[in-house]
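Right, one structure below, let's go through it.
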Amino acid sequence: MTRKGVLNSDDMYKYYREKYPDSNLSRKEYKEILRDYNNEVITELLKGKEIKMFPYLGSLQVLRIERGYTNLAINWKETHKLRKSGINKNVYYTDSEYIRVRWYKSKARTANKSYYSFKPARGNTGLKSIVSKYLVNNPDRKHDFELVLRKT
């Protein structure tokens, strides 16, 4: 394990080999299968579809969320640019909505699910970055995602 409680593909492959010792699937082939599966899931999420996770782990979906203006989020990228130019002010996101990857764990049938959380990977190949880059390159596609209105 890389971090406490976090499994990576090497851990999963080790478990796979223990469970299926007669299999001749190499670590490289195993990782390629995982990569292909993850890429297919991401493709479907970018189409606005809800992906059901097996077995009984709920589902994932990319959503448009109506932004509330009581607690604005700071746009750190633009704030840092402003501060480098000598202006010590914060820049806030003012779009009427934002995009989020949601895990519907209420649909999950697993014990102690309140202890689990879902945080999409960041980095260059992480789900957050992929969704963000997709929307920068295809701004008209944001309407593919279901709009969730704020409770008033």
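Restricted to the range 18-53, and to residues there that are among the basic types (Lys, Arg) and under 30 Å from ASP144 (Cβ atoms), the residue that is surrounded by the most Cβ atoms within 10 Å (Cβ to Cβ) is LYS49.
Selection of the range 82-94 for residues being surrounded by fewer than 10 Cβ atoms within 10 Å (Cβ to Cβ) and in contact (Cβ under 8 Å) with a residue 12 or more places away in the chain yields an empty set.
Once the range 119-152 is narrowed to residues that are part of a loop (DSSP other than H, G, I, E, B) and at pLDDT 90 or above, the residue that is surrounded by the most Cβ atoms within 10 Å (Cβ to Cβ) is PHE145.
Restricting attention to the range 59-81, does a residue exist that is under 22 Å from ASN8 (Cβ atoms), surrounded by 10 or more Cβ atoms within 10 Å (Cβ to Cβ), at pLDDT 90 or above and not assigned by TED's automatic domain parsing to the domain that holds VAL6?
Yes, the range 59-81 contains at least one residue that is under 22 Å from ASN8 (Cβ atoms), surrounded by 10 or more Cβ atoms within 10 Å (Cβ to Cβ), at pLDDT 90 or above and not assigned by TED's automatic domain parsing to the domain that holds VAL6.
Flag: LYS105 matches the condition of being under 25 Å from GLY68 (Cβ atoms), surrounded by 11 or more Cβ atoms within 10 Å (Cβ to Cβ) and free of Cβ contacts under 8 Å to residues at least 60 places away in the same chain. The condition (being hydroxyl-bearing (Ser, Thr, Tyr), touching a Leu at 6+ places or on another chain (Cβ under 9 Å), over 23 Å from TYR134 (Cα atoms) and exposed (fewer than 12 other Cβ atoms within 10 Å of the Cβ)) is satisfied by just one residue among TYR56, TYR15: TYR15. Among the candidates TYR56, TYR13, TYR30, which residue alone is more than 30 Å from PRO139 (Cβ to Cβ), assigned to a loop (DSSP other than H, G, I, E, B) and in contact (Cβ under 8 Å) with a residue 12 or more places away in the chain? Selected residue: TYR56, the only one of TYR56, TYR13, TYR30 that is more than 30 Å from PRO139 (Cβ to Cβ), assigned to a loop (DSSP other than H, G, I, E, B) and in contact (Cβ under 8 Å) with a residue 12 or more places away in the chain.
The values are calculated or read from the model by the stated rules, or taken from the named source; none is laboratory data. Treat the numbers as computed from the prediction; the structure is a model and nothing was measured. Positions of Cβ are generated from backbone atoms using ideal geometry, with glycine treated the same way; all protein chains shown enter the neighbour counts.
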